[in-house]
Amino acid sequence: MTASRIPIVAGKYLAFARAAARRSLAERTVLVGRSVFLGVILFVFSRIWRVVGASAALPGIGERELVWYLALTEWTVLSTPPLFLAIEAEVRSGDVACRLVRPVGYVGAQICEAVGEASLRLAVLGPSAALFALALTGGLPADPRGLWLALPLGLVATFVAILCMAAIGLSAFWIVDTSPFFWIWQKLTFVLGGLLFPLELYPDWLQRVAHATPFPLMCWAPGRMALGFAPRQALASATEGVIWVGLLIGLLALMSRRARARLTLNGG
């Protein structure tokens with residue numbers, strides 16, 4: 001690709017992202033429903049932490065910090081669109097064969113659409129999560145500086161999750177129904193990602209297992225910033241995010257080539 005064509009190609013992919021964001025903006029009921037769901041989750045767990053006693057679980061960390069932690073993890077999870085369903089639907093219907101011959105990459109276009117939708121969700125659910133957390137706890141975490149670091153980490157978390165969703169969706173070329181892969185990925189995100197509880201509560205061996213996977217980047221990394229100002233940890237998480245993004249893009253490129261070859265072999 002010549003340097004003169006890069007802006008043109010980039011503009012095409014950006015158009016996919018903008019179109020997806022506009023579609024999501026039109027679905028205001030869905031955004032409101034997600035915001036309400038986020039508020040319900042925070043309310044339930046704030047009451048659980050109040051009864052259990054957060055300080056006994058994590059010395060120096062109170063109920064307020066844990067509610068903010070959950071607000072950040074749910075913010076990233078609820079902002080990630082189910083990209084795998086869109087890819088699976090096109091594979092099932094055969095429409096993917098038409099999209100593969102377009103002048104823009106199929107996987108790249110799907111990812112850009114998901115990024116556009118996720119961007120709008122992040123912008124809407126972020127303030128909602130903050131308002132709910134403020135209302136339930138009565139204030140900010142003990143050291144609110146970490147919340148600024150959570151913002152870029154939330155973007156990284158969502159992008160890593162989108163790439164994982166794309167990989168799950170591309171598996172439809174081989175197994176058609178991607179639900180089993182998604183269920184496994186989702187449960188691993190809940191557990192190894194530290195969606196509901198900080199990884200600091202886990203046994204040491206399970207923490208090591210979790211940090212050897214990309215799952216903590218999707219939840220724990222931004223959520224951890226609510227427990228205290230940790231710029232070194234934020235930098236380490238961002239670095240890990242760049243590494244995992246590179247690995248996942250490589251995986252998607254390989255899966256895309258194999259999927260195209262499989263489609264051609266089957267006469268698609």
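The values are calculated or read from the model by the stated rules, or taken from the named source; none is laboratory data. Keep in mind that what you see is a predicted model, and the values were worked out from it rather than measured. Note: ideal-geometry Cβ built from the backbone for every residue, glycine included; neighbour counts use all protein chains shown. What goes into the accessible areas is simple: the full protein's heavy atoms, side chains included, and nothing from ligands, DNA or RNA. Shrake-Rupley method; radii C 1.70, N 1.55, O 1.52, S 1.80 Å.
What pairs come out if I take residues in the range 121-133 that are open to solvent by less than 20 Å² (accessible area, probe 1.4 Å) and pair them with residues that are among the acidic types (D, E) whose C-beta lies under 7 Å away, six or more apart or interchain?
A129/E74
Could you grab me the full set of residues in the range 228-240 that are assigned to a helix (DSSP H, G or I) and either open to solvent by 30 Å² or more (accessible area, probe 1.4 Å) or of a type in the set (V, I, T) (or both)?
Correct list: P231, R232, Q233, L235, A236, A238, T239, E240.
May I ask you to list the residues in the range 181-202 that are of a type outside the set (D, E), open to solvent by 60 Å² or more (accessible area, probe 1.4 Å) and either at pLDDT 90 or above or closer than 22 Å to T239 by Cα (or both)?
F181, W183, I184, K187, L188, F190, V191
Residue by residue, here is whether (1) aliphatic (A, V, I, L, M); (2) modelled with pLDDT under 85 holds:
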{"residue": "T76", "(1), (2)": "no, no"}
{"residue": "L83", "(1), (2)": "yes, no"}
{"residue": "A97", "(1), (2)": "yes, yes"}
{"residue": "R102", "(1), (2)": "no, yes"}
{"residue": "S128", "(1), (2)": "no, no"}
{"residue": "A133", "(1), (2)": "yes, no"}
{"residue": "L136", "(1), (2)": "yes, no"}
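Against the condition within 26 Å of L134 (Cβ to Cβ), in a helix (DSSP H, G or I) and at pLDDT below 85, how does S24 come out, does it pass?
yes
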